[in-house]
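To start, the structure itself, in structure tokens.
Just so you know, all these numbers are worked out from the coordinates, no wet-lab data involved. This structure is a prediction, so every number in the text was calculated from the model and none was measured. Note that we place each Cβ from the backbone using ideal geometry, even for glycine, and neighbour counts take in every protein chain shown.
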């Protein structure tokens, strides 16, 4: 649990906002002073001006916005790749289990 909190605090988005002490999921954006009831992902959406759940920040520097957008694109690709590898692993595991069950059944019939 401590490692999870450290990972969240190490997120690059926290360089642009600080977590509120009164509510664990609130953030305050230091660049524009906007108080947001959300987590770090929405804070980064705000910085990158990604439409959807939050309004884009009009005060963030173009360089920060563009880099945040690129970072979020990269993270999306990484998550997709991780999900694919996990599915492949589970599929291989399932095939291995099915093969083992088949061998056990075959051995029981021939003993």
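Listing for the model above:
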| quantity | calculated |
| --- | --- |
| Spin-label model distance (nm) - residue 28 vs residue 111, 7 Å beyond Cα toward Cβ | 6.9 nm |
| The range 23-86: equivalent-ellipsoid semi-axes (sqrt of 5 x gyration tensor eigenvalues, Cα, Å) | 23, 15, 8 |
| Extension reserve of the residue 35-residue 62 stretch, reckoned as 0.36 nm per residue once the Cα distance is removed | 7.6 nm |
